[in-house]
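**Student:** Take a look at this one; I'll ask things after.
Every number here is computed from the coordinates shown, using simple stated rules; none is lab data. All of these numbers come straight from a predicted model, not from anything done at the bench. Cβ: placed from backbone, ideal geometry, glycine included. Neighbour counts: every protein chain shown.
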Amino acid sequence: MPNATHPDVMERLVSLCKRRGFIFQSSEIYGGTGSVWDYGPLGVELKKNIKDRWWHAMVRARDDIEGLDAAILMHPRVWEASGHVAGFVDPLVDCRNCKKRFRADDPRIKGEPGTPDAQCPACGMKGTLNAPRLFNLMFKTYMGPVEDTASVVYLRPETAQGIYVNFVNVQQSTRQKIPFGIAQIGKAFRNEITPGNFIFRTREFEQMEMQFFVEPGTDMTWFEYWKGQRMQWHQSLGLDPARLQFHQHTTEELAHYARAAFDVQFDFGGTLGFQEIEGVHNRGDFDLTRHSEYSGKKLEYVDQPNNRRYVPYVVETSVGADRTTLAVLVNGYREETVAGESEGRTVLALHPSLAPVKAGIFPLVKKDGMPEMAARIAADLRPRFPVFYDEAGAIGRRYRRQDEVGTPFCITVDGQSMTDNTVTVRDRDTLVQDRVNADNLRAVLEERLAR
Ligand code: GAP
């Protein structure tokens, strides 16, 4: 049976996600939109649970980070100041014969593009590849009714800039003292040249970013602190520690804004292997200084006790909500044989806090008062957490359907329930079933879900 590192797993996961309503291809009935995905009923819950865990850890559970929700459309000068207009580019080569486009560093290209020796990796023709040209990854659109250059705006390629331009607004309105952070969750857009691997690299995605403003000179201490915090957070989602590692950026890899950077990488298995899910960056005073230059506004912090002003340094943590969702799915996906049964089972071993449905509730058979009692239990639990009532088909199949979507517990009302008011609670991972009095069910589940 394949496990999560088997090359076929991604294919099986994509199929499960579609079949069970986690993730669908965007505009599928029109043939799909390239590398854009829609989250279905279970997927939207899973991703929301991941975002809630992040928001709780970064904003709610601390008193030194404030939340923000900045707009996607920003003043076009923002992207000149940030360096994205000039620097957020990939060198690309085009084939004059087959019209395919490649990144200039595509390892399949043999020879120097633009010379007669270079061979197209798609059609195999020699001498048809153009010399590399720079291609900006930002999506452009137009603000207002007239399509002239004065009204060009960009879809943000990162959420971070919305935080920098609001640094003074947030600091003054909250009266936070340095060190403090600003966090936000939101969509970002990149016209990626080589998107793919399901929701790993897409053109529209969600980021969960936090910018921590510190006194210059303390930045590397905070950088180390945030590396540790973020690695712990990924482990707290149930990601296997053996599948997580740091990768330090070399000088060549560093983004235009970064003084130092580490990626948190997750081992997706198969051909992907270890890949970035989060970046922790020391951005120095690059962003605030540039926005100050371009806007003409001071973006400083006034340290009143020491009677001085300075431009803070920024330590950034930037994690993809979609990429984390994929990591959680890959981490949890298992196909198993079950002792004493001919059919195996597919399980999504999701952390209970992330599972879209917390409990399946089933009457063993559709008679003798069992459906009524099961429906009463479902109605009692539903205001506390998402539950799924199911009375159709063999009980074994109902369990399998919940295993496949990661539901941690299944509650069954059977003949004995009618006489002693107990029900069975089946654990997704151990398959152990124990009997619990229906009156204590809510408390028992709350306790087990919090483990
Ligand atoms: N503000 C810094 C920044 O945007 P990044 O390393 O370019 O840094 C941070 O992106 C995270 O955003 C990545 O670790 C990844 O999880 C996510 N991300 C970036 N591009 C993505 C894409 N095309 N599709 C899905 N997620 C992406």
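**Student:** Positive end of the dipole of the chain, charges at C-beta (+1 Lys, Arg; -1 Asp, Glu), about the Cα centre: which of Phe274, Pro216, Pro356 has its Cα farthest in that direction?
**Tutor:** Farthest towards the positive end: Pro356.
**Student:** Within region 68-158, report the GluC sites (Glu not before Pro) that DSSP leaves as loop and that have at most 13 other Cβ atoms within 10 Å.
**Tutor:** Glu147
**Student:** Given Cα pairs under 8 Å that are at least 6 residues apart, what percent is the relative contact order of region 245-360?
**Tutor:** 17
**Student:** Given the pairs Lys99/Lys140; Lys110/Lys227; Lys47/Lys99; Lys177/Lys297; Lys18/Lys366, which are separated by over 28 angstrom at their Cα positions?
**Tutor:** Going by Cα-Cα distance, Lys110/Lys227; Lys47/Lys99; Lys18/Lys366 fall outside the 28 Å limit.
**Student:** Take the Cβ-Cβ distance between Glu446 and Tyr310 as r, set R0 to 45 Å, and report the resulting FRET efficiency rounded to the nearest 0.05. Before the final figure, lay out the partial values.
**Tutor:** Details: r = 48 Å, r/R0 = 1.06.
With R0 = 45 Å, the Cβ-Cβ based efficiency is 0.40.
**Student:** Same structure again: Over the chain, what is the percentage of antiparallel beta bridges among all DSSP beta bridges, to the nearest 5?
**Tutor:** Numbers: 71 of 82 bridges.
So the antiparallel bridges amount to about 85 percent of the total.
**Student:** Quick one: dipole size for the chain, taken about the Cα centre, charges +1 on Lys/Arg Cβ and -1 on Asp/Glu Cβ, in debye to the nearest 20.
**Tutor:** Here the chain has a charge dipole of around 600 debye.
**Student:** Under a point spin-label approximation (7 Å from Cα along Cα-to-Cβ), what is the Glu204-Asp439 distance to one decimal in nm?
**Tutor:** About 5.2 nm separates the two model spin labels.
**Student:** Now for a different question. Taking 0.36 nm per residue of sequence separation and subtracting the Cα-Cα distance, how much length would be gained by fully extending the chain between Ala242 and Phe24, in nm to one decimal?
**Tutor:** Residue separation times 0.36 nm, minus the Cα-Cα distance, leaves 75.5 nm.
**Student:** To continue, here is another question. How far apart, in nm, are the 7 Å Cα→Cβ label points at Lys126 and Gln172?
**Tutor:** Each label point lies 7 Å from its Cα, and together they span 6.7 nm.
**Student:** Give the relative contact order (percent, whole number) for the chain; include only Cα pairs under 8 Å separated by 6+ residues.
**Tutor:** 13
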